[in-house]
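First comes the structure, then the notes that go with it.
The values are calculated or read from the model by the stated rules, or taken from the named source; none is laboratory data. The structure presented is a predicted model; accordingly, all values stated were derived computationally and were not measured. Here Cβ is always computed from backbone atoms with ideal geometry, including for glycine, and neighbour counts include all displayed protein chains. Side chains included, ligands, DNA and RNA excluded: accessible areas come from the protein's heavy atoms. Shrake-Rupley method; radii C 1.70, N 1.55, O 1.52, S 1.80 Å.
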Amino acid sequence: MAEITSSTGQPREYRVEELAEAAGITTRTLRFYRERKLLQPPRKEGRIAWYGEHHLARLRVIGELLDRGHTLGGIAELIGAGESGRDVADLIGLRDEIAAPWSDETPVRLGWDELVAAFGDQLTPENTAETIAQGYITLDEDGITHISRRLMDATLALVAEGVPLAAVLAASRKAQQHLDAVAEAFTDLARDHLLGGLAHVDDLTPAEAAGLTERIRRVRPLARATADAQFSLAMDRKVRAAYERLLTQE
């Protein structure tokens, strides 16, 4: 990017108030960043501090990282990495990939009238409390928001087929516990055998960070495919065993 220059042909410089205005922050915030060593020291001319375009660029990077959910402590580490000669963009990409959500569920909102129509007298305080405890819904005066349309649709369908809502929630609780264990097993596998570099993420070179980011992207669909295949095979085993038990009872 071309460096902005003044009318004299020299690189543009800013007083503290001008820099804060250009970055869209307050002078108090700018000084706080200086105190946290997120911003390079200015050039001093007597008692006047002059800031350059590199300071403005740094403030814009800080603002972008804050918008993406990074903490000031994490930003300080990333900036330190960049000043050590590593590419901050590569490290940011790696950290964002690590923290990226696995689920792509769409929330769904239902009003109380819809819920009563769907669940009738099964819409009890106990069932509602259990659903909240499992982390699936939030309440407000007008109804609920469920974190997953697919799960909500499946629940509605099961209840419509005659399965009590309490039984659906009990099965959901048990499945959630087992799936947490499955997720932990895959997390441990990836950590111990595929993503060892994560333990020293701040020591990675740009090439290593980029390579690890790509590896994480490749591993994600493998984990999903393995879990899906294992669930289908487990269902085959359990359904077959349950059918055989029914036959022996006749």
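Mind telling me which of the residues 192, 153, 203 ends up being modelled with pLDDT of 90 or more and among the acidic types (Asp, Glu)?
Being modelled with pLDDT of 90 or more and among the acidic types (Asp, Glu) holds for just one of 192, 153, 203, which is 153.
Sort out which residues of the range 106-148 are closer than 30 Å to residue 215 by Cβ and surrounded by 13 or more Cβ atoms within 10 Å (Cβ to Cβ), and write them in order of number.
Of everything in the range 106-148, those that are closer than 30 Å to residue 215 by Cβ and surrounded by 13 or more Cβ atoms within 10 Å (Cβ to Cβ) turn out to be 147, 148.
Can you pull out every residue in the range 108-162 that is β-branched (Val, Ile, Thr) and part of a loop (DSSP other than H, G, I, E, B)? Before you say what the answer is, go through the steps one by one.
Going residue by residue through the range 108-162, those that are β-branched (Val, Ile, Thr) are 108, 116, 124, 128, 131-132, 137-138, 144-145, 147, 155, 159.
Selection gives 124, 147.
Looking at this structure, is residue 103 among the small types (Gly, Ala, Ser), open to solvent by 40 Å² or more (accessible area, probe 1.4 Å), closer than 25 Å to residue 175 by Cβ and at pLDDT below 90?
Details: among the small types (Gly, Ala, Ser): yes; open to solvent by 40 Å² or more (accessible area, probe 1.4 Å): yes; closer than 25 Å to residue 175 by Cβ: yes; at pLDDT below 90: yes.
Spelling it out, residue 103 is indeed among the small types (Gly, Ala, Ser), open to solvent by 40 Å² or more (accessible area, probe 1.4 Å), closer than 25 Å to residue 175 by Cβ and at pLDDT below 90.
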